[in-house]
Structures are given as structure tokens and as C-alpha cells.
Amino acid sequence: MKAIDQTTIVFSSRSANEGFARACAACFAAQLDPTLDEVADIKTAVSEAVTNAIVHAYPDRLGRVTLRLRLLEGNQLEMQVKDAGVGIPDIEQARTPLFTTGSEERSGMGFTIMESFMDALKVRSEPGKGTTVTMRKRIARRAGGAR
Amino acid sequence: MPITVSRQPEGATIALAGEIDHHGARAMMAQLEDAIASTLPLRLTLDLSGVTFMDSSGIAVLMRALRQMQQLGGSLRVTAIPLQARRVLDAAGVGRLITLE
Ligand SMILES: Nc1ncnc2c1ncn2[C@@H]1O[C@H](COP(=O)(O)OP(=O)(O)O)[C@@H](O)[C@H]1O
Ligand SMILES: [Mg+2]
């Protein structure tokens, strides 16, 4: 699908960048005139995907995380989070609620939350090569809103 | 990441504030654990009114508090949950395990 607007942000897998990624996604989405609830959905979903890249993709080193934000036809926001980390051996299992390979500090609910806050979620991964998570959400056009 | 403890005769209320993500969760878990261990409440209320953002890392924080309270033989409830945090907890079905008010 053709992008009407697009931006790419590359940052290192430091946990301080979780808040940075949320702010970037919210700012980019502002052109869609989202409601506060929609902004909260966007921030929550991107936070989960970026946290996974930071926690799971690079368990014992710093790596590169790429966040690509696109505005698609039909008032859709696409957020893609890409890492070049360890990859996911079994994507279906990883997406199962409560499944985690993490410590006590994880809940295993990240993918479940991304799914419920976005309209669509696609996960591609290759062990040893990395993971790409792509999410889409349609932002309702609001009556009277000039675009 | 600030937490505020207030004691009542029948228990304690701990207010969590700020953004609860993976970046801040570890420090918050440690603070919360210390606060519970030093007040030893029979009934613990976690007040989330000051939480401006929470993702699934916050679920782990609440689950840790629940386990600690269970070990003490006490109870946990979570109150004043802002809408964004509420939707995260609902999506994860946390209400089946923890009393959310
Ligand atoms: N970017 C990633 N790289 C490697 N593994 C990942 C990645 N994202 C998710 N995973 C795997 O999928 C599991 C489930 O992820 P998630 O639902 O977010 O739960 P949690 O992060 O709490 O473990 C993780 O425990 C991990 O094994
Ligand atoms: Mg996760």
C-alpha cells in the first residue's frame, strides 16, 4: 500500500528509548487527528513492540531498533518495529497469551495487548536474523475535522 | 518513580505515579516490595490515580505485589485506575486475579 507520509527513527536498544518511541509515534499520528483514547492505544501498542525489541531481541548487548511510521490511505496508521536480534523460533507460541521467555518482570501479555489495541498485527521473524512487527490501526475521521 | 505510602488502622494504601513501563518497572517493583515488607498490611490498596501510562510491564508489577500479599496472608485491591491502564488490565484479563475497582 502506498504511503502518504512516512518517517523512520533508528535508536539503540536502551530502555530509556521506550518513552522516546511512544512520543515519536504519538507525534507522527497527530496528523490523523486522533482522539485521546486513540493516542493512548497507539502509545501502548508501540511501547509493547519496542520493549520486546529492547528486552528479548538483544538480551545481552545493545542493538539497533528501527521504528517506521507510515500514514496509509483510508486514514490508517502503520507502525513497524524492526530489530536484528535473536529472532523468534515459534511465532504462534510467542503470540499465545501468558507465554514468555522472560523473567518475573515480564507478563507474557505484550502481543495480546498489541492485538487488542490495533486492528492488525503481523510478526515476521527469523532466528539469528531478527524480528519485524507491523501493526495497523484505522483512525476514525471526526466530523468537522479539517484534513 | 514515586510511590507514596499511607497507613490506615486496617491496612495501607500505596499510590503509584508516573509512567509504568519496562524502563521504570524494576525500580518500582523494588520500592513497592520494600514498602509492603516494612508496613506488613493485612489489606493493601494500590492507588493508580497518578499513573500517566502503563503497559504490560505494569501487570508484572501488580502480580508481584499480589504474590507478596498472598505470602503475607493479606489481600490486594487496585483502585482509581485511569482509563488507559484499565484497558491494558482488561485486555490481559487481570481482573480474574486481582480485585480492580
Ligand atoms: N523482538 C523480539 N525478539 C525476540 N523474541 C521476541 C521478540 N518479541 C517477542 N519475543 C518473544 O515472544 C515472547 C512473548 O512476547 P510478549 O507477548 O510481549 O510477552 P513478554 O514480553 O512479557 O515476554 C517473549 O517472551 C519472547 O520470547
Ligand atoms: Mg513484551
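The values are calculated or read from the model by the stated rules, or taken from the named source; none is laboratory data. Here the structure is a predicted model, which means the values were calculated and not measured. So basically every Cβ, Gly included, is an ideal-geometry build from the backbone, and we count neighbours across all protein chains shown.
Could you name every one of the helices (runs of 4 or more DSSP H) located completely within region A:1-118 that has at least 2 residues being among the acidic types (Asp, Glu) and more than 13 Å from the chain's Cα centre (by Cα)?
Numbers: elements: A:17-29, A:36-52, A:91-95, A:110-117.
Fully inside region A:1-118 and qualifying: A:36-52.
What do you reckon, is A:Ile113 more than 14 Å from chain B (Cβ to nearest Cβ), crowded, with 21+ Cβ neighbours inside 10 Å, closer than 25 Å to A:Val10 by Cβ and near ligand 1 (Cβ under 9 Å from one of its atoms)? Break it down into steps so the answer makes sense when it comes.
Working: more than 14 Å from chain B (Cβ to nearest Cβ): no; crowded, with 21+ Cβ neighbours inside 10 Å: yes; closer than 25 Å to A:Val10 by Cβ: yes; near ligand 1 (Cβ under 9 Å from one of its atoms): yes.
In short, no.
Quick grid of which residues meet (1) loosely packed, with under 15 Cβ neighbours inside 10 Å; (2) more than 21 Å from A:Gly130 (Cβ to Cβ); (3) within 15 Å of ligand 1 (Cβ to nearest atom):
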| position | (1), (2), (3) |
| --- | --- |
| A:Lys2 | yes, yes, no |
| A:Gln6 | yes, no, no |
| A:Gln76 | no, yes, no |
| A:Met79 | no, no, yes |
| A:Asp90 | yes, no, yes |
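When you look at A:Val133, is it in a strand (DSSP E or B), within 8 Å of ligand 1 (Cβ to nearest atom) and modelled with pLDDT of 95 or more, yes or no? It would help to see each step written out before you state the result.
On the way: in a strand (DSSP E or B): yes; within 8 Å of ligand 1 (Cβ to nearest atom): yes; modelled with pLDDT of 95 or more: yes.
Against the criterion (in a strand (DSSP E or B), within 8 Å of ligand 1 (Cβ to nearest atom) and modelled with pLDDT of 95 or more), A:Val133 qualifies.
Kindly indicate which of A:Ala120, A:Ala53, A:Ala84, A:Ala94 is in contact with a strand residue (DSSP E or B) (Cβ under 9 Å, 6 or more places away or on another chain), within 13 Å of chain B (Cβ to nearest Cβ) and modelled with pLDDT of 95 or more. Lay out the reasoning, then the answer.
Values: A:Ala120 fails: within 13 Å of chain B (Cβ to nearest Cβ); A:Ala84 fails: within 13 Å of chain B (Cβ to nearest Cβ); A:Ala94 fails: within 13 Å of chain B (Cβ to nearest Cβ).
Matching residue, one of A:Ala120, A:Ala53, A:Ala84, A:Ala94: A:Ala53.
Which residue, of B:Leu46, B:Leu40, B:Leu83, is more than 16 Å from ligand 2 (Cβ to nearest atom) and within 14 Å of chain A (Cβ to nearest Cβ)?
On the way: B:Leu46 fails: within 14 Å of chain A (Cβ to nearest Cβ); B:Leu40 fails: within 14 Å of chain A (Cβ to nearest Cβ).
Just one listed residue meets the conditions, B:Leu83.
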